[in-house]
Amino acid sequence: TLTTAIAAGGAILATIVASRALVSVKAGQKKQESKDYIVEEEEDYVKLSYDPLESHDLNEMTVHESCGAIATFVGTTRNSFQGKSVVDLEYYAYTKLALKQLQLICKGMRKKWDVKRVVILHRLGTCPVREASVMIAASSPHRKDALEAVHWAIDELKKTVPIWKKERYEDGSSWKQNASYVPQDLYNGAGKESKD
Amino acid sequence: MKVKVLFFALCREITGEESVEFEIEAKASVKTLVDAVVKKFPKMAPLMANMVLSVNLEYVDPKSTTVMIGEKDEIAFIPPISGG
């Protein structure tokens, strides 16, 4: 892509490439922990990573000969919130509990839908605009199951997984709160394995 | 007995701590521990309305007088979440 950009002769493209390089240097200087946290149990794959999620091939991770469909959700960093310009997001997690809750989501998907392979990835640390903060994918023999399971999974994640997002602006930052989050639901059993 | 209390996100900023060891009475409820934490970190008080606790990776009501804390339990203060 770099050679293509230069060949196109666009000054604008060259600027974009240069500014991305600046962003990379800044991130490197931040010295983020680069450790990944992965839990793989049978056909469930859950990962928390300080590295970009884009390197993952979700299709390859979920495809199965018994399946006719793969559904995917990707959450990306948006550049604004209620008119304020967002520079980037920073994600933090209570790692042990986040992994546990993500595994419970995988199990919940299986209980309610006929899914074969499930993958949930969440970014930690700085997540620049346009980059993915979360990826959820599932394969199923028929498409309805995968589509519905993935939809349910992202909704559940926002309600039950102990991950926090700090929105950073030019002039400050703020801790976000998911609209669907209800504290009482968590300790009254929402985040636990369903009994039915 | 000693218990380990973890602070995340906003709680970490407010207390200035990631993890604190608390000395509490042998048979203490979650509420007793929470009261001790808020006493040590008064700026946590206004956050408690929206707070959830985690005790050994299970979500618990911070006001609970029935869930008991044991030695070496891992307790975390969970402020409003925003994953995804």
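Just give the residues from region A:74-121 buried by at least 20 square angstrom of accessible area in the all-chains context relative to the isolated chain, probe 1.4 Å, and say none if nothing qualifies.
When all protein chains are present, A:TYR94, A:LYS96, A:LEU97, A:LYS100 each give up 20 Å² or more of accessible surface.
Once R0 is set to 30 Å, what does the formula 1/(1 + (r/R0)^6) return for the Cβ-Cβ distance between B:LYS63 and A:GLU42, expressed as a FRET efficiency to the nearest 0.05?
Efficiency at R0 = 30 Å is approximately 0.20.
Rounded to the nearest 500, what is the 222 nm mean residue ellipticity of the protein assembly as shown from helices alone, with -39500 (n - 2.57) per DSSP H run of 4+ residues and division by all residues?
Mean residue ellipticity, 222 nm, calculated: -9500 deg cm²/dmol.
Roughly how tilted is helix B:30-40, in degrees to the nearest 10 and between 0 and 90, from the longest Cα axis of chain B?
That helix lies at roughly 60 degrees to the long axis.
Which entries in A:LYS96/A:LYS176; A:LYS107/A:LYS158; A:LYS84/B:LYS43; A:LYS96/B:LYS4; A:LYS100/A:LYS165 show an alpha-carbon gap greater than 23 Å?
In this structure, A:LYS84/B:LYS43 exceed 23 Å between Cα atoms.
Treating only the Cβ of Lys, Arg, Asp and Glu as charged (+1, +1, -1, -1), what charge dipole size does region A:111-173 show about its Cα centre? Round to the nearest 20 debye. Provide the component values of the computation, followed by the final result.
Working: 13 positive and 9 negative charges, 53 e Å.
Computed about the Cα centre, the dipole is about 260 debye.
Limiting things to C-alpha atoms, what are the Rg and the maximum Cα-Cα separation (Dmax) for region A:50-196, in angstroms?
Rg, Dmax (Cα atoms, Å): 16.0, 52.
Grab the alpha carbons of the protein assembly as shown, take their convex hull, and tell me the volume per residue in Å³.
160 Å³
Taking region A:53-128, which trypsin sites (Lys or Arg not before Pro) meet the DSSP loop condition and have no more than 12 other C-beta atoms within 10 Å?
A:ARG78
From Cα pairs below 8 angstrom and at least 6 apart in sequence, can you work out the relative contact order of region A:77-196, rounded to a whole percent?
That works out to 32 percent.
With θ taken as phi - 60° and the coefficients 6.51, -1.76 and 1.60, list the Karplus ³J(HN,Hα) couplings across region B:72-84 in order, rounded to whole Hz; mark glycine and proline as x.
6, 5, 9, 10, 10, 8, 10, x, x, 7, 8, x, x
Taking Rh as the Kirkwood radius computed over C-alpha pairs, what is the Stokes-Einstein D of region A:50-115 at 25 °C in a medium of viscosity 0.890 mPa s, expressed in µm² per second?
161 µm²/s
Over the protein assembly as shown, average the accessible area per residue using a 1.4 Å probe and give it in Å², no decimals.
That works out to 53 Å² for each residue.
Can you work out the Karplus-derived ³J(HN,Hα) for every residue in region A:73-84? Use 6.51 cos²θ - 1.76 cosθ + 1.60 with θ = phi - 60°, whole Hz, and x for glycine or proline.
10, 10, x, 10, 6, 8, 8, 8, 9, 6, x, 8
For A:VAL86, list long-range residues whose amide hydrogen, built 1.01 Å from N in the peptide plane, is under 5 Å from its own amide hydrogen.
A:SER80, A:PHE81
Relative to the isolated chain, which residues of region B:1-37 have their accessible area cut by 20 Å² or more in the presence of all protein chains (1.4 Å probe, heavy atoms, no ligands or nucleic acids)?
SASA drop of 20 Å² or more in region B:1-37: B:PHE8, B:ALA9, B:LEU10, B:GLU13.
Please list log₁₀ I(q)/I(0) at q = 0.22 Å⁻¹ for region A:108-195, using the Debye equation with identical point scatterers on the alpha-carbon positions.
Treating every Cα as an identical point scatterer, log10 I(q)/I(0) equals -1.15.
Return the sequence-ordered ³J(HN,Hα) values of region A:181-189 in whole Hz as given by the Karplus equation 6.51 cos²θ - 1.76 cosθ + 1.60 applied to θ = phi - 60°, using x for Gly and Pro.
Per-residue couplings from phi come out as 6, 10, x, 4, 4, 5, 8, 9, x Hz.
Expressed as a whole number of Å, what is the distance separating the alpha-carbon centroids of region B:1-34 and region A:86-151?
30 Å
Write out the GluC sites (Glu not before Pro) in chain B meeting two conditions: DSSP loop, and at most 12 other Cβ atoms within 10 Å of their Cβ.
B:GLU18, B:GLU25, B:GLU71
Each label point is 7 Å from the Cα along the Cα-to-Cβ direction; what then is the distance between the points at B:ASN50 and A:ALA179, in nm?
If labels sit at B:ASN50 and A:ALA179, their model points lie 1.5 nm apart.
Please list B:2-9, A:56-63 highest first by mean number of surrounding beta-carbon atoms within 10 Å per residue.
B:2-9, A:56-63
Using a 1.4 Å probe on protein heavy atoms only, how many Å² of accessible area do A and B hide from each other, summed over both chains and rounded to 100?
Adding both sides of the contact gives about 2500 Å².
Take the Cα coordinates of chain B, assign each an equal point scatterer, and use the Debye formula without solvent to give log10 I(q)/I(0) at q = 0.12 Å⁻¹.
At q = 0.12 Å⁻¹ the computed log10 ratios are -0.29.
State which entries of A:LYS111/A:LYS144; A:LYS159/B:LYS27; A:LYS144/A:LYS166; A:LYS35/A:LYS111 exceed 26 angstrom in Cα-Cα distance in the structure shown. Working shown, then result.
On the way: A:LYS111/A:LYS144 15 Å; A:LYS159/B:LYS27 32 Å; A:LYS144/A:LYS166 34 Å; A:LYS35/A:LYS111 31 Å.
Violating the 26 Å Cα-Cα cut-off are A:LYS159/B:LYS27; A:LYS144/A:LYS166; A:LYS35/A:LYS111.
The values are calculated or read from the model by the stated rules, or taken from the named source; none is laboratory data. These figures come from a predicted structure and were not determined experimentally. Ideal geometry is used to build each Cβ from the backbone, glycine not excepted, and the neighbour counts take in all protein chains shown. In case anyone asks, the SASA skips ligands and DNA or RNA and just uses the protein heavy atoms, side chains included. Shrake-Rupley method; radii C 1.70, N 1.55, O 1.52, S 1.80 Å.
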